[in-house]
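The next block holds one structure in the form of structure tokens; read it before the comments.
The values are calculated or read from the model by the stated rules, or taken from the named source; none is laboratory data. Keep in mind that what you see is a predicted model, and the values were worked out from it rather than measured. When we count neighbours, we look across all protein chains shown, and the Cβ atoms used for this are built from the backbone with ideal geometry, even at glycine. Ligands, DNA and RNA are stripped out before the accessible areas are found, and what is left, the full protein with its side chains, is counted by its heavy atoms. Shrake-Rupley method; radii C 1.70, N 1.55, O 1.52, S 1.80 Å.
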Amino acid sequence: KIMAITDFQTIMLPLMQFASDQQEHSLRETIDALAEHFDLTAEERRQLLPSGRQATFDNRVSWARTHLAKAGLLVSTRRDYYRITARGLDVLAQKPERINVAFLKQYAEFREFIKPSIKNHDEKAAFDVSETTETPEEIIESAYLRVRQELANELLELIKSCSPTFFERLVVDLLVTMGYGGTRKDAGEAIGGSGDGGIDGIIKEDRLGLDIVYLQAKRWDGTVSRPEIQKFAGALQGQRARKGIFITTSFFSKGAVEYVTHIDSKIILIDGNALAQLLIDYNVGVFSFASYEMKRIDLDYFTED
């Protein structure tokens, strides 16, 4: 779902108008005021960046403030607090229709701020921030999600080329890494042992074996439809089981997804993409080769008593 407001540049002028009273304002109260200004719904305010670590609107307000401060229109007074500057008041006196990156480029310090660093990189990697409607975090996270999805696609193709036996072992490795199945040895013995009417194996829900989860693992290319899930659900009832996981390398039909919401047994459906994403999350069959930290100035550290 796309947010009602377009981008962080749209926020700049309303933010300046909010600060025009020349009082010190916190970022939190600014976010609340601007959310009301843009008439955002509660759902829109809760929308998160792909990382899930920050609200998208909060992020956009924060970056709008940063850009305005880099142009000298606002000044940080302490951590997450700011006020308007004399330059900022002069800008508002001009009654601009819009304040955006292109407008801020008239200030040398802002041009220095947005100048790309290409010391050790190909110049093609640089981009003009005035050409994008995304905040830096959104740009980074969008790129990260594209790289991650491409990795998931490659993983899935590789899994489909492996043998059914290897696929079952991969499922065991994933579930054990996620905390199921007790020891790897216990889980290995449980998988593939029953072969009872649609059940490929069983695995402990926890290390103590307080409950059992029944598994169906299908390395398929075709869509898994409702009859396959009904067969699995019937097998669970035959075992007086309450929980099951159906994992496939393909997809589930709409009917299959709807079916599991209307039965007593708790059946979790994991399709190919979800499987690949779990493998990435739990580092099964993949490894990390690079990581990046994003940091901000800790203004509290620089506050003198």
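What accessible surface, in Å², does a 1.4 Å probe find on residue 166, ignoring ligands, DNA and RNA and rounding to the nearest 10? Only protein atoms counted, so the area is about 80 Å². Spherically averaged projected area of the convex hull of Cα atoms, the stretch 208-278: 5.1 nm². Size descriptor for the stretch 1-111, Kirkwood hydrodynamic radius: 14.2 Å (Cα pairs only, one decimal).
Each residue of the stretch 244-250 was assigned a 3J(HN,Hα) from its phi angle through the Karplus curve 6.51 cos²θ - 1.76 cosθ + 1.60 (θ = phi - 60°); the sequence is x, 10, 10, 10, 9, 8, 10 Hz, with glycine and proline shown as x. Going by Cα centres, the stretch 234-305 and the stretch 1-64 are how many Å apart? Here the two parts' Cα centres lie 30 Å apart. Pairs exceeding a 24 Å alpha-carbon distance, out of 231/254; 218/266; 70/95; 160/266; 231/266; 160/254: 160/266. Given +1 at the Cβ of Lys and Arg, -1 at the Cβ of Asp and Glu and no other charges, the dipole of the stretch 1-60 around its Cα centre is 340 debye to the nearest 20.
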